[in-house]
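Q: Got a structure for you, written out below as structure tokens; questions coming shortly.
Throughout, read-outs are computed from the coordinates displayed, never taken from laboratory work. Keep in mind that what you see is a predicted model, and the values were worked out from it rather than measured. Here the Cβ positions follow ideal geometry from the backbone for every residue, glycine too, while neighbour counts run over all protein chains shown.
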Amino acid sequence: MPIDLKTIAKTEQLFTPGHRACAGCGATIILRQVMETAGKNTVVCFATGCMEVVSTIFPYTAWDVPYLHVAFENAAAALSGVEKAYVALKKKGEIKEDINFIAFGGDGGTYDIGLQALSGAMERGHNLLYICYDNGAYMNTGIQRSSATPFGAHTTTSPAGKKIPGKLQWRKELTEIIASHNVPYVAQASPSHWQDLMEKVKKALSIKGPKFMTILSPCPVGWYYPTNETIKIAKLAVETKFWPLYEIENGVHRITVKPRKFKPVEDFLKMQGRFKHLFTDENKWIIDKLKEEIDRRWERLLKLEEAGL
Amino acid sequence: MKIVAKTANEAMAEAMRQINPDVVAAYPITPATEIVQIFSSFVHDGLVDTEFIAVESEHSAMSACIGAAAAGARVMTSTSSQGLALMDEVLYIAAGLRLPIVLCEINRALSSPINIHCDHSDTMNVRDSGWIQIYSEDSQEAYDSVIQAIRIAEEVFLPVMVTADGFILSHAMQRIEILDDEDVQKFIGKRRSPYNLLDVKNPKTIGPLDLQDYYFEHKYQEAQGMMGASNVILNVAKEFGEKFGRYYGLIEEYKLEDADYAIVVIGSTAGTAKETIDEMREKGEKVGLLRVRVFRPFPAEEIRNALRNCKKIGVLDRAEGLNAFGGPLYMEIKAALYGDKNLPEIFSFIYGLGGRDIKPHDIEETFKKIKDGNVEKINYIGVRI
């Protein structure tokens with residue numbers, strides 16, 4: 001049965017209000033959407049980062065499910081241990097319930113410092129879902145570049161300077177990297193398309209084995225936009241092909257949302273201060289290159305989908 | 001009970017089989033590789049119920065141990081040297097979260113230069129991480145201490161590392177008394193854990209952010225845990241001794257009672273030292289040995305009582321402090337004795353780095369230097385200068 005608003009409205013909040021996230025934070029919306037789908041029998045493990053910091057300042061917690069935080073780079077490894085403890089104790093009859101295991105990390109904790117632990121957990125085949133909320137920089141420490149930072153973006157360690165206009169490297173295609181681990185389910189989602197996001201979480205949790213999702217997480221502080229435009233920007237990311245919504249189930253690509261009409265990527269870029277410097281004559285080439293790459297990737301996805309790969 | 005010939009690696013792996021932990025997450029590293037390897041075959045042959053996680057690094061090994069222990073499981077691992085160094089960050093977290101994890105550590109020198117042989121630089125590097133540290137003189141002790149460590153960890157709620165000297169013990173065959181499986185199970189009892197992350201009906205947040213208002217209190221509690229650990233270690237050792245006939249303390253005194261000159265060592269060197277002392281005693285030399293078995297918590301009072309009547313003491317460190325002052329054991333022994341009225345003279349000796357052998361002759365020479373006061377600020381045994 002598809003997930004609908006009437007059902008969601010009645011769902012208990014497991015990531016509860018009172019946390020200290022910034023106004024307009026995309027990641028908190030993502031956490032609510034994920035947790036409403038996952039339900040009460042879920043154990044969460046968090047990497048150090050924005051969401052960990054804002055949700056569990058002792059003696060308070062925003063979590064109404066069991067929650068573990070260990071360090072920055074090891075959420076996947078720590079949850080591997082939790083999941084194996086579960087297997088061991090269930091085998092001995094000490095636990096009866098079926099439990100979902102979800103690890104969360106930002107793009108710093110996932111694409112960069114936590115990549116090794118993540119890769120290890122995926123390869124070992126643990127029954128867990130790893131979700132990356134990807135806001136494209138180290139927002140917790142003050143907007144430093146990550147390997148998820150988009151081409152051309154300004155961050156505090158890839159500033160739009162007089163000589164070097166922002167980050168001039170491509171973002172890592174982590175979704176494809178994890179898919180190459182031959183795991184049963186990998187997906188990209190956006191909080192603007194909540195139904196798509198929640199269906200993906202639901203599907204992921206119904207599959208046994210390692211699952212991975214990257215979810216675009218607009219950040220008003222790091223992307224430099226007004227706090228009321230989070231969902232609008234997330235939607236534009238999808239409509240401009242900047243953030244394709246797709247899944248790879250048992251190695252087969254499927255684009256889950258295909259906008260009827262695409263918008264130019266400038267619509268997405270111009271709303272954000274981190275791309276402001278691109279709208280000048282001398283930096284126009286960056287937007288051109290970005291467009292070219294976005295189109296190439298979209299075409300590639302279409303071809304993979306058509307070929308049933 | 002049965003008598004077998006086993007290396008320390010084999011003996012520690014055997015202890016792990018008998019303990020039959022719920023989860024083991026480990027990564028192989030020389031000279032501790034065999035422990036992981038032997039244990040893997042126990043898992044694959046169905047001799048244990050353990051879920052074994054063959055992780056991709058030691059950092060992930062300890063992280064997975066933390067996750068499993070937080071989930072209420074009985075958890076063990078093994079490592080050495082660089083592996084322990086890579087774990088450093090998460091060792092502190094395991095202790096801070098008060099998780100009763102037991103680690104079989106094989107002492108090996110730290111890089112650089114890279115070296116696979118014994119010294120204590122690896123475990124000295126993490127001496128302030130909140131882990132209880134128990135050093136073994138021989139394989140029997142390594143085996144016995146691993147079994148005791150489960151009880152200690154689950155009573156104090158602090159993790160415990162039991163160490164054995166790389167190659168010297170890890171790869172040397174010794175006569176060992178192995179307890180019966182049922183006796184081990186009876187001795188360790190039912191697991192005790194501080195939390196149960198898997199209790200979804202009573203959700204708890206583990207590992208939250210502490211700021212200025214709580215961090216200090218939690219660290220204080222952790223320190224109190226370490227403070228109370230000595231009694232627990234002694235009680236567990238006493239019970240072990242009464243049941244199985246082998247007694248252990250925080251320290252071991254050897255012919256110290258009337259000794260004018262003493263050396264202090266950690267680990268397998270104690271065996272060589274005892275032999276040498278016996279020979280020197282026959283020649284009428286009043287020499288003795290103090291072996292520190294439990295380095296964390298540091299048994300300062302016991303050490304003070306054992307050494308206070310000596311005239312001169314040489315502390316032999318199998319680790320360089322690289323502080324231009326003295327080895328880590330030396331500094332703490334000296335601090336433990338400070339304030340005594342007739343403070344013995346205490347000298348720092350560094351020996352055996354990177355697996356350099358220490359022989360009876362070296363120990364005799366060291367005693368001679370101590371006696372004659374023929375010493376430098378820091379003395380090196382057996383190094384080409």
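Q: Could you list, in sequence order, the residues of segment B:215-271 that are more than 30 Å from B:Tyr351 (Cβ to Cβ) and outside any helix (DSSP H, G or I)? Even if it seems obvious, please write down each step before you answer.
A: Of all residues in segment B:215-271, those more than 30 Å from B:Tyr351 (Cβ to Cβ) come to B:215-225, B:227-228, B:231-232, B:235-236, B:238-245.
Passing the criteria: only B:Gly245.
Q: Answer with yes or no whether B:Leu211 is in a loop (DSSP other than H, G, I, E, B) and touching a residue at least 24 places away in the same chain (Cβ under 8 Å).
A: Spelling it out, it is not the case that B:Leu211 is in a loop (DSSP other than H, G, I, E, B) and touching a residue at least 24 places away in the same chain (Cβ under 8 Å).
Q: Might you let me know whether segment B:222-241 holds any residue that is farther than 22 Å from B:Ala95 by Cβ and within 14 Å of another protein chain (Cβ to nearest Cβ)? Steps first, answer last, please.
A: Filtering segment B:222-241 down to residues farther than 22 Å from B:Ala95 by Cβ leaves B:238-241.
The next check asks that each one be within 14 Å of another protein chain (Cβ to nearest Cβ); those that pass are none.
No, because not a single residue in segment B:222-241 is farther than 22 Å from B:Ala95 by Cβ and within 14 Å of another protein chain (Cβ to nearest Cβ).
Q: Only one residue in B:Ala306, B:Ala335 is aliphatic (A, V, I, L, M) and under 28 Å from B:Val146 (Cβ atoms), so which one is that? Step through it out loud before you land on a result.
A: Details: B:Ala335 fails: under 28 Å from B:Val146 (Cβ atoms).
Sole residue among the options that is aliphatic (A, V, I, L, M) and under 28 Å from B:Val146 (Cβ atoms): B:Ala306.
Q: Hey, can you tell me all the residues within segment A:59-74 that are at the interface with chain B (Cβ under 7 Å from one of its Cβ atoms), touching a helix residue (DSSP H, G or I) at 6+ places or on another chain (Cβ under 8 Å) and part of a loop (DSSP other than H, G, I, E, B)?
A: A:Thr61, A:Val65, A:Val70, A:Ala71, A:Asn74
Q: From the list B:Ala64, B:Ala54, B:Ala32, B:Ala71, which residue is under 22 Å from B:Glu10 (Cβ atoms) and within 12 Å of chain A (Cβ to nearest Cβ)?
A: B:Ala54
Q: Which of the residues belonging to segment B:160-173 are touching a strand residue (DSSP E or B) at 6+ places or on another chain (Cβ under 7 Å) and either surrounded by 15 or more Cβ atoms within 10 Å (Cβ to Cβ) or under 13 Å from B:Glu141 (Cβ atoms) (or both)?
A: Here is the first cut: in segment B:160-173, the residues touching a strand residue (DSSP E or B) at 6+ places or on another chain (Cβ under 7 Å) are B:160-166, B:170, B:173.
Of everything in segment B:160-173, those that are touching a strand residue (DSSP E or B) at 6+ places or on another chain (Cβ under 7 Å) and either surrounded by 15 or more Cβ atoms within 10 Å (Cβ to Cβ) or under 13 Å from B:Glu141 (Cβ atoms) (or both) turn out to be B:Val160, B:Met161, B:Val162, B:Thr163, B:Ala164, B:Asp165, B:Gly166, B:Ser170.
Q: Something else: Would you point out the residue of segment A:75-110, among those that are more than 11 Å from chain B (Cβ to nearest Cβ) and out of contact with any strand residue (DSSP E or B) (no Cβ under 7 Å at 6 or more places or on another chain), that is nearest to A:Leu216 (Cα to Cα)?
A: Residue satisfying both the conditions and the ranking: A:Gly109.
Q: What residue, among those in segment B:360-385 that are assigned to a loop (DSSP other than H, G, I, E, B) and under 26 Å from the mean Cα position of the chain (by Cα), is surrounded by the most Cβ atoms within 10 Å (Cβ to Cβ)?
A: Per the stated criteria, the residue is B:Gly382.
Q: Can you find a residue that is facing another protein chain (nearest Cβ under 10 Å), outside any helix (DSSP H, G or I) and touching a His at 6+ places or on another chain (Cβ under 7 Å) anywhere in segment A:49-56? Reasoning before the result, please.
A: Taking segment A:49-56 and keeping what is facing another protein chain (nearest Cβ under 10 Å), we get A:52-56.
Of the ones still in play, those that are also outside any helix (DSSP H, G or I) are A:56.
Checking which are touching a His at 6+ places or on another chain (Cβ under 7 Å) leaves us with A:56.
Yes; the residues of segment A:49-56 include at least one that is facing another protein chain (nearest Cβ under 10 Å), outside any helix (DSSP H, G or I) and touching a His at 6+ places or on another chain (Cβ under 7 Å).
Q: Would you be able to say whether some residue in segment A:15-24 is within 11 Å of chain B (Cβ to nearest Cβ) and under 19 Å from B:Asn196 (Cα atoms)?
A: No, the conditions are met nowhere in segment A:15-24.
Q: A further question on this structure: Could you figure out which of (1) surrounded by 15 or more Cβ atoms within 10 Å (Cβ to Cβ); (2) over 20 Å from B:Ala95 (Cα atoms); (3) more than 10 Å from every other protein chain (Cβ to nearest Cβ) isn't true of B:Pro203?
A: (3) is the only condition that B:Pro203 fails.
Q: Being assigned to a helix (DSSP H, G or I) and not charged (D, E, K, R) is the filter; apply it to segment A:120-139 and report the residue that is nearest to the other protein chains (Cβ to nearest Cβ).
A: Going residue by residue through segment A:120-139, those that are assigned to a helix (DSSP H, G or I) are A:120-124.
The next check asks that each one be not charged (D, E, K, R); those that pass are A:120-122.
Details: A:Gly120: 3, A:Ala121: 8, A:Met122: 10 Å.
So the residue we want is A:Gly120.
Q: A follow-up question, please. Which numbered condition trips up A:Lys10, out of (1) under 19 Å from the mean Cα position of the chain (by Cα); (2) more than 8 Å from every other protein chain (Cβ to nearest Cβ); (3) of a type in the set (D, E, K, R)?
A: In the conditions (1) under 19 Å from the mean Cα position of the chain (by Cα); (2) more than 8 Å from every other protein chain (Cβ to nearest Cβ); (3) of a type in the set (D, E, K, R), A:Lys10 misses (1) alone.
Q: Also, I was wondering about something else. What residue, among those in segment A:40-74 that are within 20 Å of A:Gly114 (Cα to Cα) and of a type in the set (S, T, N, Q), is surrounded by the fewest Cβ atoms within 10 Å (Cβ to Cβ)?
A: A:Thr48
Q: Out of segment B:175-208, which residues are touching a strand residue (DSSP E or B) at 6+ places or on another chain (Cβ under 7 Å), in contact (Cβ under 8 Å) with a residue 12 or more places away in the chain and not aromatic (Phe, Trp, Tyr)?
A: Scanning segment B:175-208 gives B:Arg175, B:Ile176, B:Glu177, B:Ile178, B:Leu197, B:Leu198, B:Ile206, B:Gly207.
Q: Only one of A:Ala153, A:Ala117 is buried (at least 22 other Cβ atoms within 10 Å of the Cβ), in a loop (DSSP other than H, G, I, E, B) and in contact (Cβ under 8 Å) with a residue 40 or more places away in the chain; which? Show your work before the answer.
A: Working: A:Ala117 fails: in a loop (DSSP other than H, G, I, E, B).
The conditions single out A:Ala153.
Q: Let me ask something else. Which is over 19 Å from the mean Cα position of the chain (by Cα) and under 20 Å from A:His154 (Cβ atoms), of A:Gly251, A:Gly273? Steps first, please.
A: Working: A:Gly251 fails: under 20 Å from A:His154 (Cβ atoms).
Residue meeting the stated conditions: A:Gly273.
Q: Let me ask something else. Tell me, yes or no, whether segment B:79-89 has at least one residue that is β-branched (Val, Ile, Thr), within 13 Å of chain A (Cβ to nearest Cβ) and either surrounded by 24 or more Cβ atoms within 10 Å (Cβ to Cβ) or closer than 19 Å to B:His120 by Cα (or both).
A: no
Q: Among (1) closer than 17 Å to B:His361 by Cα; (2) buried (at least 21 other Cβ atoms within 10 Å of the Cβ), where does B:Arg281 come up short?
A: (2)
Q: Provide a single number: the residues in segment B:29-49 that are under 24 Å from the mean Cα position of the chain (by Cα) and buried (at least 16 other Cβ atoms within 10 Å of the Cβ).
A: Number satisfying all stated conditions: 11.
Q: So which pairs qualify, if the first residue must be in segment A:174-187 and surrounded by fewer than 21 Cβ atoms within 10 Å (Cβ to Cβ), the second must be in a helix (DSSP H, G or I), the Cβ gap must be under 7 Å, and the two must be at least 6 apart or on different chains?
A: A:His181/A:Ser119; A:His181/A:Met122; A:His181/A:Glu123
Q: Would a scan of segment B:304-318 turn up a residue that is touching a residue at least 40 places away in the same chain (Cβ under 8 Å) and part of a helix (DSSP H, G or I)?
A: Scanning segment B:304-318, I find at least one residue that is touching a residue at least 40 places away in the same chain (Cβ under 8 Å) and part of a helix (DSSP H, G or I), so the answer is yes.
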